[in-house]
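A.B. asks: What follows is a single structure, and I will ask about it in a moment.
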Number of protein chains: 2
Amino acid sequence: MAHVRNKQVILRDYVSGFPKETDMSIVESTLTLKLPEASNEVLLKNLYLSCDPYMQILMTNVEPGSVSYAHSLPLTGLGVAKVLESGHPDYKKGDLIWGLTKLEEYSLVPSTQIQFKIEHTDVPLSYYTGILGMPGMTAYAGFFEVGSPKKGDKVFVSAASGAVGQLVGQFAKLTGCYVVGSAGTKEKVDLLKNKLGFDEAFNYKEEPDLNATLKRYFPEGIDIYFDNVGGKTLDAVLLNMRVHGRIPVCGMISQYNLAQPEGVTNLTNLIYKRVCMQGFVVSDFYHLYPKFLEFLLPHIREGKVVYVEDIAEGLENGPAAFVGLFSGRNVGKQVLLVARE
Amino acid sequence: MAHVRNKQVILRDYVSGFPKETDMSIVESTLTLKLPEASNEVLLKNLYLSCDPYMQILMTNVEPGSVSYAHSLPLTGLGVAKVLESGHPDYKKGDLIWGLTKLEEYSLVPSTQIQFKIEHTDVPLSYYTGILGMPGMTAYAGFFEVGSPKKGDKVFVSAASGAVGQLVGQFAKLTGCYVVGSAGTKEKVDLLKNKLGFDEAFNYKEEPDLNATLKRYFPEGIDIYFDNVGGKTLDAVLLNMRVHGRIPVCGMISQYNLAQPEGVTNLTNLIYKRVCMQGFVVSDFYHLYPKFLEFLLPHIREGKVVYVEDIAEGLENGPAAFVGLFSGRNVGKQVLLVARE
């Protein structure tokens, strides 16, 4: 019976505002690689772990009754893992899966936390934390199902080089839309224009008047705003929406770290422009996953859809990788490589 | 050829913030009751004129290219009128119509401004400025088409005793919903509970913590918030929406008079609760008007739906009646009676 070291990222203290590296710590324990007797759980070796903005919310403990991480236990998060032992008939040793696991090297999880078995391994495994995982499904559901795009639509995406945004832009181009993205560095803007196929892109940090910027890129207004950031950007967008425009609200990362969120002042524009602002969460759309793979895998294989990843190596770099999401240090989808196989 | 006095309410100056009575003035001119040669316009005698919050927006002149009232000309607004002469084959002398006319005693308008000919006169004519006119259609379209109500839904309506709100509440009860309304005086709250059939009602001016108030009336949360006011009320509602809730955005009267609108800070709740906030304007729904009449007229005749009106008499009282909308002085739909027939 093998005993292994199990490095873990644990939560030291609840967070208010920006998470800092010191809110987490790395601990090591020893694990016996054996399922408990009569368990229907699954023992996983984690390969790629996903750093996602929503995790910040689980690190706070503001509302009674809301779901939070537990103190001194490893953070949970999505990841790609290999099944070492399985107490559930749907999974067997050697299977590759993606789903909700923990930020550690080995995890024992209920089989219900497994999202999907990985069937296609001719693409990078890490893709199942991103383009073929939760962020990919988020972009697909948010753009196609919530955004109802039509050919010729003018599309604006914020956090456009991020895990979700870079796909929304590419999906928009596949649909025959005009698409502009915003990001926070010159490097990201270059990526958007030169690698990801956006028609235009700008660095929002260099635009003192976002309303004027949007008027420049969208003289006729915006049909779809895929909102990843909320706050001031959303407020400027509201001044520039077209009649019957749609705003799929995917995230509001600019607000997560604020004790008092910025006020959005231009909501009256929803009325005259008949705009629909629709919040959504990807878990409502996982029934579409097979259809999504069928749509996306051929595009990936043919190189028609690309994906930019920012891969940190080693569990001990997890806290820094996660914290970097909130300052925009990552370029593309932030992944944490724990083991290659 | 008859010459008549034509009293008019004209715009003296563009408004920023609350309109004041002195922003308008009453002028008198003389009109010849004769259509111009070869005109296809319609000459109207105005009977009931409608005072509606949207008119404040037309009194401002902030954005270049936006539609505003013209200086020194009579305000335009919806009303019920009698056709005196018609240059258009669809209308003849003696017809009663409702549509866009002017705040004056007699108006010459293009026939395209007539919304509908009035066919049912066994109900008060003034109803065609309210329950059977634009506000009625607004409540109907906003609640049924945009709100997608189901039996058992928990519904909250702001400005609940107003022209639109009082109908939304009654439509909600007809649908088998639980409905709570907010208003700004004890008299209005009593109306909501005792005459209009709301399950509960409260005076928002006496509630220091709207979030706590809503939690008291909606311990399980709100399925539909019919928004007439925006601002702080909307912000508190966002904390109390249920999963897959809907917010038809009809108006944001609390914001129209502010140079700098209040910020709405709780929009992230749209995401986790998958809430749809949908702005709408009634003009997109007028094709449903025959269906609406078919639904509503029997209810009115049977007394199952009632309507509270606040009727000011005489054109010279128009400015005060209109201005009163913004301080909530009116109880029910504000109408201006110009002539009975």
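We did not get these values from a lab; they are worked out from the coordinates using the rules stated. Please read all numbers here as calculations on a predicted model, not as lab measurements. Cβ: placed from backbone, ideal geometry, glycine included. Neighbour counts: every protein chain shown.
A.B. asks: Which one is surrounded by the most Cβ atoms within 10 Å (Cβ to Cβ), of the residues in the stretch B:199-222 that are of a type in the set (A, V, I, L, M) and assigned to a helix (DSSP H, G or I)?
C.D. replies: Filtering first and then ranking leaves B:LEU214.
A.B. asks: Turning to a different aspect of this structure: Of the conditions (1) within 22 Å of A:LYS193 (Cα to Cα); (2) assigned to a strand (DSSP E or B), A:GLN115 clears all except one; give me its number.
C.D. replies: (1)
A.B. asks: Can I ask one more? Out of the stretch B:95-107, which residues are part of a strand (DSSP E or B) and under 20 Å from the mean Cα position of the chain (by Cα)?
C.D. replies: B:ILE97, B:TRP98, B:GLY99, B:LEU100, B:THR101, B:LYS102, B:GLU104
A.B. asks: So, one more: Does A:ALA81 satisfy the criteria of being of a type in the set (A, V, I, L, M) and on the phi > 0 side of the Ramachandran plot?
C.D. replies: no
A.B. asks: Does A:TYR225 qualify as being in contact (Cβ under 8 Å) with a residue 24 or more places away in the chain, touching a strand residue (DSSP E or B) at 6+ places or on another chain (Cβ under 8 Å), surrounded by fewer than 20 Cβ atoms within 10 Å (Cβ to Cβ) and farther than 23 Å from B:VAL67 by Cα?
C.D. replies: Answer is no for this residue.
A.B. asks: Here is a follow-up. State yes or no: is B:VAL168 touching a helix residue (DSSP H, G or I) at 6+ places or on another chain (Cβ under 9 Å), away from every other protein chain (no Cβ under 14 Å), closer than 22 Å to B:ASN266 by Cβ and among the hydrophobic types (A, V, I, L, M, F, W, C)?
C.D. replies: Answer is no for this residue.
A.B. asks: Just need a number here: residues in the stretch A:277-293 that are touching a Pro at 6+ places or on another chain (Cβ under 9 Å) and free of Cβ contacts under 8 Å to residues at least 60 places away in the same chain.
C.D. replies: Of the stretch A:277-293, the ones touching a Pro at 6+ places or on another chain (Cβ under 9 Å) are A:277-280, A:282.
Now narrow it down to the ones that are free of Cβ contacts under 8 Å to residues at least 60 places away in the same chain: A:277, A:279.
Number of matching residues: 2.
A.B. asks: Next question. Please go through the stretch B:71-81 and pick out each residue that is surrounded by fewer than 18 Cβ atoms within 10 Å (Cβ to Cβ) and either touching a Ser or Thr at 6+ places or on another chain (Cβ under 8 Å) or not polar (S, T, N, Q) (or both).
C.D. replies: Matches in the stretch B:71-81: B:HIS71, B:LEU73.
A.B. asks: Just name the residue that is nearest to the other protein chains (Cβ to nearest Cβ) out of those in the stretch A:300-317 that are over 16 Å from A:SER50 (Cβ atoms) and touching a residue at least 60 places away in the same chain (Cβ under 8 Å).
C.D. replies: A:VAL305
A.B. asks: Going by the structure shown, is B:LYS193 over 30 Å from B:ASP23 (Cβ atoms), of a type in the set (D, E, K, R) and buried (at least 17 other Cβ atoms within 10 Å of the Cβ)?
C.D. replies: no
A.B. asks: Just a yes or no: is a residue in the stretch B:193-206 more than 14 Å from chain A (Cβ to nearest Cβ), touching a residue at least 60 places away in the same chain (Cβ under 8 Å), farther than 28 Å from B:ASP284 by Cβ and among the hydroxyl-bearing types (Ser, Thr, Tyr)?
C.D. replies: Checked against the condition, which is being more than 14 Å from chain A (Cβ to nearest Cβ), touching a residue at least 60 places away in the same chain (Cβ under 8 Å), farther than 28 Å from B:ASP284 by Cβ and among the hydroxyl-bearing types (Ser, Thr, Tyr), the stretch B:193-206 yields no hits at all.
A.B. asks: From A:VAL243, A:VAL264, A:VAL331, A:VAL323, which residue is closer than 26 Å to A:LYS193 by Cα and of a type outside the set (Gly, Ala, Ser)?
C.D. replies: The match here is A:VAL331.
Quick grid of which residues meet (1) in a helix (DSSP H, G or I); (2) buried (at least 18 other Cβ atoms within 10 Å of the Cβ); (3) without any contact (Cβ under 8 Å) to a residue 24 or more places away in the chain; (4) in contact with a Pro (Cβ under 9 Å, 6 or more places away or on another chain):
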{"position": "B:LYS93", "(1), (2), (3), (4)": "no, no, yes, no"}
{"position": "B:VAL109", "(1), (2), (3), (4)": "no, yes, no, no"}
{"position": "B:THR121", "(1), (2), (3), (4)": "no, no, no, no"}
{"position": "B:LYS150", "(1), (2), (3), (4)": "no, no, no, no"}
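A.B. asks: Going through the stretch A:300-316 one residue at a time, which ones are closer than 21 Å to A:LYS82 by Cβ and either buried (at least 18 other Cβ atoms within 10 Å of the Cβ) or in contact with a Gly (Cβ under 7 Å, 6 or more places away or on another chain) (or both)?
C.D. replies: A:GLU309, A:ALA312, A:LEU315, listed by residue number.
A.B. asks: Then there's this: Return the only residue of B:LYS92, B:LYS102, B:LYS154, B:LYS150 being touching a Leu at 6+ places or on another chain (Cβ under 9 Å) and of a type in the set (Lys, Arg).
C.D. replies: Details: B:LYS92 fails: touching a Leu at 6+ places or on another chain (Cβ under 9 Å); B:LYS154 fails: touching a Leu at 6+ places or on another chain (Cβ under 9 Å); B:LYS150 fails: touching a Leu at 6+ places or on another chain (Cβ under 9 Å).
Residue meeting the stated conditions: B:LYS102.
A.B. asks: Can you name every one of the helices (runs of 4 or more DSSP H) wholly within the stretch A:226-291 that holds 1 or more residues which are acidic (Asp, Glu) and at the interface with another protein chain (Cβ under 10 Å from one of its Cβ atoms)?
C.D. replies: In the stretch A:226-291, A:231-238 are the helices (runs of 4 or more DSSP H) which contain 1 or more residues that are acidic (Asp, Glu) and at the interface with another protein chain (Cβ under 10 Å from one of its Cβ atoms).
A.B. asks: Oh, and also: All but one of (1) on the phi > 0 side of the Ramachandran plot; (2) touching a Ser or Thr at 6+ places or on another chain (Cβ under 9 Å) hold for A:PHE280; state the number of the condition that does not hold.
C.D. replies: Against the list (1) on the phi > 0 side of the Ramachandran plot; (2) touching a Ser or Thr at 6+ places or on another chain (Cβ under 9 Å), A:PHE280 comes up short only on (1).
A.B. asks: Determine, yes or no, whether A:LEU297 is buried (at least 23 other Cβ atoms within 10 Å of the Cβ) and more than 14 Å from chain B (Cβ to nearest Cβ).
C.D. replies: When the stated conditions are applied, A:LEU297 does not pass them.
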